[in-house]
Amino acid sequence: MDRRSFIKNTSLLALGTGAVACTPAYMKIAEKQLNIMNSSRYLPKLRVSLDRVIKQTVGLRPYRSLGPRIEKEELGNKTLIHNYGHGGSGWSLSWGSAELAADLVASSSTKKVAVIGSGVIGLTTARMLQFRGYEVSIYTKEMAPNITSSKATGTWSPSHRLIDEDQISPEFYNKFKQMHSTSFRTYQNLLGLGDYVVWSDTYTIRNEAPPKREQSPKPDADKYAFMNVLPGTIALKAKEHPFRAKYVNKGASMVFNIPSLLKLYTDDFLRFGGEIKIKEFKSLEEIDALAESCIVNCSGIGAKQLTNDKHLQPISGQLAFVIPQQQIHYCINTKEAYTINRKDGIIVGGTHKVGSWDTMPSKEDTEKMVLAIQKVADEMYS
Ligand SMILES: Cc1cc2nc3c(=O)[nH]c(=O)nc-3n(C[C@H](O)[C@H](O)[C@H](O)COP(=O)(O)OP(=O)(O)OC[C@H]3O[C@@H](n4cnc5c(N)ncnc54)[C@H](O)[C@@H]3O)c2cc1C
């Protein structure tokens, strides 16, 4: 075929396909396919059952009734900066909290800092200090996966079990606002680097109308408008979803793939010259004996023993890990339990035991949560 006839033939072909694609029947099929792709009607079915549970954990949320303790204390000749007590929001607020702690470190003259703890708060604090040119050593009793941070669900939940509502002061409000905005921005910068952080649809499934509180705006909505960083929730009609429930809302969640993120933070910390030493401190005197003159205490619930903080107590939470399902890209939320879709499993959770130090998974709790989700899954498309 010479050049001229090639151009003529391919143009005709293009014209031809254009003509065919424009016929109403093809348009309708294409439109239907697009609608199916974008709709919630045909979600892949969840496979959740007790025989697919591969791991159970119980983590202790470090809940402090006054909110996280981010403050400076003089300890003998040392400067001790506390950064603990983030309740059910430690993952969400970690980067902003690290920023506040690093600002307090800036007031000491040293360039060598010790960080106690290698949970999400310790690691982000250590990285933040490295960003600012400090030489940092982490001292920790344990590392992932034997820490609370490894036993978290991993969603954006910046105000979950964070503070007693009647303890909210202007000082807390300002810190919270800063932690919220710095952390949210930092997580958006981690998007696209792999799947450390992902956005996911969440379906809230109820048989009775959601409580009033969820429907009406808060009285001080303007004051907390900065928290509106997630897209709005929409109520789905029965034919728009596969669940058998009267009320189904669709919203969005930001999900942290916890094992990958903890590894990323640890690897980055070591790559930038940080050192990690396994060491347990039994008292503040032992901390005082460290070579570094500035120490940041990121010991989570461990701070109870170290500082005897009467405002700090555990709120335990149990998770059941179900075999991961690669085709599932959504989370669900029922009255009894929720699922979060992560690379290391479909995480089923939903327990809060205030004051409980028990880290032994309970068979009954796993059964209750998993069976509640299994029921929703079994009823899909029925
Ligand atoms: C079930 C569950 C679900 C959760 N879901 C979410 C969620 O979806 N989103 C969210 O934002 N947050 C969530 N959280 C909360 C979050 O996990 C915590 O707020 C966060 O992990 C606290 O981090 P941390 O670094 O302070 O504590 P930890 O992870 O406990 O780290 C503390 C570190 O200090 C070390 N340490 C303690 N004591 C000593 C000592 N005496 N000497 C030396 N080292 C010591 C420990 O070994 C550890 O390395 C959840 C928590 C639970 C339990």
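The values are calculated or read from the model by the stated rules, or taken from the named source; none is laboratory data. From a predicted model like this one, the values you see are computed outputs, not experimental measurements. Positions of Cβ are generated from backbone atoms using ideal geometry, with glycine treated the same way; all protein chains shown enter the neighbour counts. Ligands, DNA and RNA are excluded from the accessible area calculation, which covers all protein heavy atoms including side chains. Shrake-Rupley method; radii C 1.70, N 1.55, O 1.52, S 1.80 Å.
Summary table below
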item	result
Identity of the residue in the range 279-312, within 13 Å of the ligand (Cβ to nearest atom) and part of a strand (DSSP E or B), that ends up surrounded by the most Cβ atoms within 10 Å (Cβ to Cβ)	VAL296
Residue match in the range 117-131 (condition: in contact with a helix residue (DSSP H, G or I) (Cβ under 7 Å, 6 or more places away or on another chain), more than 12 Å from ASN297 (Cα to Cα), hydroxyl-bearing (Ser, Thr, Tyr) and open to solvent by less than 10 Å² (accessible area, probe 1.4 Å))	yes
Which numbered condition ARG244 misses (of (1) charged (D, E, K, R); (2) part of a loop (DSSP other than H, G, I, E, B); (3) under 30 Å from THR125 (Cα atoms))	(3)
Restricting the range 264-278 to residues that are within 14 Å of the ligand (Cβ to nearest atom) and exposed (fewer than 14 other Cβ atoms within 10 Å of the Cβ), the residue that is nearest to LYS141 (Cα to Cα)	ILE278
PRO259 under 30 Å from MET128 (Cβ atoms) and either more than 20 Å from the chain's Cα centre (by Cα) or open to solvent by 30 Å² or more (accessible area, probe 1.4 Å) (or both)	yes
Residues within the range 144-160 that are more than 6 Å from the ligand (Cβ to nearest atom), assigned to a loop (DSSP other than H, G, I, E, B) and either touching a residue at least 60 places away in the same chain (Cβ under 8 Å) or more than 13 Å from LEU60 (Cβ to Cβ) (or both), tallied	6
